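As structure tokens, the structure follows; a few thoughts come after it.
The values are calculated or read from the model by the stated rules, or taken from the named source; none is laboratory data. These figures come from a predicted structure and were not determined experimentally. No Cβ is skipped: glycine too gets one built from the backbone with ideal geometry, and neighbour counts run over all protein chains shown. For the accessible areas, the whole protein counts, side chains as well, though only heavy atoms, and no ligand, DNA or RNA atoms are used. Shrake-Rupley method; radii C 1.70, N 1.55, O 1.52, S 1.80 Å.
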Amino acid sequence: MSAYTALTAAGYRAQVRDKATLFFTFAFPLLFLVVFGLIFSGQDVEETGRPYISYIAPGVMSWGVANAAVFGIAFTLMQWRRDDLLRLIRLTPTPLTTVLASRYVLALAVGVVQAAVFVAVAMLPGFGLTLDGRWPLVLPALVLGITAFLAIGVIVGTYANTPEAVAAIANCLMVPMAFLSGSFLPLDMMPSWLRQVSRVLPLRYLNDAATGALTGSGSLATIGTGCAVLFGFALLFGAIGLKTFRWSNRT
Amino acid sequence: MTTDSNQPPGSPAISVQDVRKRYGDRQAVDGVSLDVRRGEFFGLLGPNGAGKTTLIEIMEGLRQADSGTVRVLGHSPWPRDTALLPRMGVQTQASAFFVRQSAREHLVTVAGLYRRGPEAADRTLETVGLTEQCDVLVENLSGGQRQRLAIASALVHDPELIFLDEPTAALDPQARRDLWEVLRALKSEGRTIVYTTHHLDEAEALCDRVAILVDGRTAALDSPHRLVTAAGAPSRLLLPQGRLGVEEAAALPGVDRATVQGGSLVLETATPGKVLQAVDALTGLDGVMTRTATLEDVYLELTGAAHPGAAHPAAADPGAADTAAGHLGPQAGPHTQTEHQA
């Protein structure tokens, strides 16, 4: 059996057997959809006249996917290093790239399933999201977004040595980023300087591309720009992640 | 098992030359040189903090020595050499398991990391006696079972060189004895085993040679038998108390010291044969036990744990040595104790 197959199979079993993480990954973003859906039910955003749901649904979906990508790999790496499992892997001929590739495929699968479940729920009559014809363009955006946030998660998982540290660092990154990137509140409602600040945040570009693809707002160029910037973030954080990777807590 | 064609026959499995490693202001390994021969069962002994783990991790290629040379199966273990790694097996911490997997699923995954199939995992589970627990989640295994699974992770890919770190530490006496048989079988297949332990009776029973590390240096390096012989520690005769007066016994020719300990009259002597004869003539040998020096005596003398004036702690606590000797099976190597029947 190849190392890649073995690791991916073990990762899949660990994922589906972990009920708490399954809930956190798949149901938690839906909870936000319900809360924001109730608050802004039937309202339109004043500045643009578009319904809230068309902002909130792609935004919360992007945050949920990004959050799961960061937390999933960060927890796994922290735990594997703490339990000395990384040392075990280090002593086998399996290269680090194979280990990360198996985690990458798992993260992509989780993210795509998350997005599909989320969009399906958002299209229910109570929420009333309607998909634009160019919705398939959300797939490249998701793949690139998951790649960028997985790379961020690798860095978090390298520096955090405890579950508490993973949760603290990842939440400090992801919660403010969600608000500042327009995942929970439409950016169009924010002051223009905040909108400028959001341009340094990777989640902003995943939101833009996902919103553009799912609801048809904005131009195709917005989706293209979003994907291109996410690709850049993925390269940058991926390089940092590989550079700073540690096999063991012991020096 | 693979053999390395570009290596001369008879070259050592591991060669360590003047290896040093410093952490901050602590010299963990301070100029160690030793060879582990092919097919040898090599014990690395020493108190906690003596540098055993650091030295083993340098051999495994997990750490880089500050200076000195290390060759493992003819290769340098540092930097990570993916051609060398499949030829060695390393027992890791008993926590290094893939989460939420059964014992078998974990081992199949480890086998996969070595590009081996699930049948290798099943065979190894049987070797370490975990076949019955193969469907138990690793989180639910007992301490001893986790330890055996960690050992299995070191064996699953059929390595020719095996590193084991206190493999019997968390095992009950039966499991420990079972593991001895596993280790002996591995050795009989020609594999080289390097292991650490705090069970000195076990090292004496299993190891071809041992190195005793103290403060990062090798304090002794030889076969257990030669170490014990060379140490020249006295033998002890244990007589049921009351059979002979202490002063009377001390006056016997050849007796260096006579004391009463734990219900026995203990005679220390360098000439046990002569003293036995004398005791036989006086009281008979019924219930008389002789105890020769053990590796533990040598170890404690070298590591300085023995109290001044009581260099042979087995005498201070005869029960401990009895227990240790009691673990040794009929085929378990040197007997340290003999009961004489009249």
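Calculate the all-directions average of the projected area of region A:84-190's alpha-carbon convex hull, and give it in nm².
Across all orientations, region A:84-190 yields a mean hull projection of 9.2 nm².
Largest first, how would B:LYS187, B:LYS21 line up by accessible area (1.4 Å probe)?
Of B:LYS187, B:LYS21, the descending order of accessible area is B:LYS187, B:LYS21.
Can you give the FRET efficiency to the nearest 0.05 for B:LYS274 and B:SER67, using r as the Cβ-Cβ distance and R₀ = 60 Å?
Step by step, r from the Cβ atoms, then E = 0.70.
By average Cβ neighbour count within 10 Å, what is the ranking of A:54-62, B:165-173, B:95-103 from highest down?
A:54-62, B:95-103, B:165-173
From the square roots a ≥ b ≥ c of the eigenvalues of the alpha-carbon gyration tensor of region B:82-204, which class results: rounded (a/c under 1.5), prolate (a/b over b/c), or oblate?
Oblate, since a/c reaches 1.5 and b/c is not below a/b.
Taking 0.36 nm per residue of sequence separation and subtracting the Cα-Cα distance, how much length would be gained by fully extending the chain between A:ARG17 and A:LEU108, in nm to one decimal?
Extra length available between A:ARG17 and A:LEU108 comes to 30.9 nm.
For B:ALA169 and A:SER192, what is the calculated FRET efficiency with R₀ set at 45 Å and r taken between the beta-carbons, to the nearest 0.05?
For B:ALA169 and A:SER192, the calculated efficiency is 0.10.
Pop out the carbon and sulfur fraction of the accessible area of the protein assembly as shown as a percent, whole number, probe 1.4 Å.
So the carbon and sulfur contribution to the accessible surface is 59 percent.
Across region B:74-90, in residue order, what do the Karplus-derived ³J(HN,Hα) couplings come to in whole Hz, using 6.51 cos²θ - 1.76 cosθ + 1.60 with θ = phi - 60° and x for Gly and Pro?
x, 10, 7, x, 10, x, 3, 10, 6, 7, 7, 3, x, 8, 10, x, 10
Connecting C-alpha atoms closer than 10 Å in a GNM of chain B, tell me which of B:GLN27, B:GLN277, B:GLN145 has the biggest fluctuation.
Result: B:GLN277 has the largest fluctuation of those listed.
Largest first and in whole Å, give the semi-axes of region A:190-251's equivalent ellipsoid, each being the square root of 5 times a Cα gyration tensor eigenvalue.
Those come to 31, 15, 9 Å.
With the other protein chains left in place, how much accessible area per residue, in square angstrom, belongs to region A:117-251 at a 1.4 angstrom probe?
Dividing the accessible area of region A:117-251 by its residue count gives 45 Å².
What three numbers, in Å, describe the spread of the alpha carbons of chain B along their principal axes, ordered from the longest?
70, 47, 39
Need one number: nm distance between label points at A:VAL175 and A:ARG199, each 7 Å from Cα along Cα→Cβ, rounded to one decimal.
My value for the distance between the label points is 2.9 nm.
Could you give me D for region A:63-123, from Stokes-Einstein at 4 °C and 1.567 mPa s, where the hydrodynamic radius is the Kirkwood radius over C-alpha pairs? Units µm² s⁻¹, please.
100 µm²/s
Relative contact order of chain A, please, whole-number percent, based on alpha carbon pairs below 8 angstrom and at least 6 residues apart.
Normalised by residue count, the contact order of chain A is 28 percent.
If I ignore ligands, DNA and RNA and count only protein heavy atoms, how much of B:SER67 is accessible to a 1.4 Å probe, in Å² to the nearest 10?
Solvent-accessible area, nearest 10 Å²: 50 Å².
Mind giving me the FRET efficiency for B:GLU139 and A:THR244? R0 is 35 Å, r the Cβ-Cβ distance, nearest 0.05 is fine.
In this case the efficiency is close to 0.70.
Who wins for biggest fluctuation among B:GLU119, B:GLU105, B:GLU40 in a Gaussian network model of chain B, springs between alpha carbons below 10 Å?
Maximum among the listed residues: B:GLU119.
Dipole size in debye (nearest 20) for the protein assembly as shown around its Cα centre, Lys and Arg Cβ +1, Asp and Glu Cβ -1?
1920 debye
Dividing the convex hull volume of the alpha carbon atoms of region B:1-153 by its residue count, what do you get in Å³ per residue?
It is 139 Å³ per residue.
Quick check for you: which residues of region B:89-112 have the amide N under 12 Å from the point 7 Å beyond the Cα of B:GLU189 toward its beta carbon?
Of the residues in region B:89-112, B:89 have backbone N under 12 Å from the label point off B:GLU189.
How much accessible surface does A:VAL154 have with a 1.4 Å probe, in Å² rounded to 10?
Answer for A:VAL154: close to 10 Å² accessible.
Given only helices, namely DSSP H runs of n ≥ 4 each adding -39500 (n - 2.57), what is the per-residue ellipticity at 222 nm of chain A, to the nearest 500 deg cm²/dmol?
Helices in chain A give a 222 nm mean residue ellipticity of -23500 deg cm²/dmol.
Can you work out the Karplus-derived ³J(HN,Hα) for every residue in region B:249-257? Use 6.51 cos²θ - 1.76 cosθ + 1.60 with θ = phi - 60°, whole Hz, and x for glycine or proline.
Per residue, the Karplus-derived 3J(HN,Hα) values read 5, 4, 7, 4, x, x, 7, 8, 7 Hz.
In the protein assembly as shown, with Lys and Arg counted as +1 and Asp and Glu as -1 at Cβ, which of these residues, A:THR222, B:VAL90, A:LEU85, has the Cα nearest the positive end of the dipole, that is, farthest along it?
Towards the positive end, the residue furthest out is A:THR222.
Starting from 0 in steps of 20 Å, tell me what percent of the Cα-Cα pairs of the protein assembly as shown lands in each bin.
18, 37, 26, 14, 5, 1
Roughly how much accessible area, to the nearest 100 Å², goes out of reach of solvent when B and A pair up, both sides summed, probe 1.4 Å?
Using a 1.4 Å probe on protein heavy atoms, the buried area is about 2900 Å².
Hey, could you get me the Stokes-Einstein D for region B:137-254, Kirkwood radius over alpha-carbon pairs, 20 °C and 1.002 mPa s, rounded to whole µm² s⁻¹?
The Stokes-Einstein estimate is 122 µm²/s.
Between A:TYR159 and A:ALA221, 0.36 nm times their residue separation minus their Cα-Cα distance comes to what?
Net length gain for the segment: 18.7 nm.
Could you name every residue in region B:95-137 that has 30 Å² or more less accessible surface in the full protein assembly than in its own chain alone (probe 1.4 Å, ligands and nucleic acids excluded)?
B:SER95, B:ALA96, B:PHE98, B:VAL99, B:ARG100, B:GLN101, B:GLU105, B:THR109, B:GLY112, B:LEU113, B:TYR114, B:ARG115
Could you order B:ASP66, A:ASP132 so the one with the most accessible surface comes first? Probe is 1.4 Å.
Solvent-accessible surface, decreasing: B:ASP66, A:ASP132.
Which whole-number percent is the relative contact order of chain B (Cα, under 8 Å, 6+ apart)?
Taking the mean separation of contacting Cα pairs over the length of chain B, I get 17 percent.
Contact order normalised by length for region B:143-210, with contacts defined as Cα pairs under 8 Å and 6 or more residues apart; what percent is it?
Over region B:143-210, the number comes to 37 percent.
What spacing in nm lies between the two simple spin-label points modelled at A:LEU124 and A:LEU38, each 7 Å away from Cα in the Cβ direction?
The two pseudo-label positions are separated by 1.3 nm.
At what distance in nm do the modelled label points of A:LEU236 and A:GLU46 sit from each other, each positioned 7 Å from its Cα along Cα→Cβ?
Using points 7 Å along Cα→Cβ, the separation is 3.4 nm.
Can you tell me the alpha carbon radius of gyration of region A:1-91 divided by the globular rule-of-thumb value 2.2 N^0.38 Å?
Normalised by 2.2 N^0.38 Å, the Cα Rg of region A:1-91 equals 1.54.
Amide H of B:LEU265 versus every other amide H placed in the peptide plane: which residues, excluding those fewer than 5 positions away on the same chain, fall under 5 Å?
Sorted by chain and number, the residues that satisfy this are B:LEU239, B:GLN241.
Just to verify a number: what accessible area does B:ILE56 come out at with the full protein assembly present, 1.4 Å probe, Å² rounded to tens?
10 Å²
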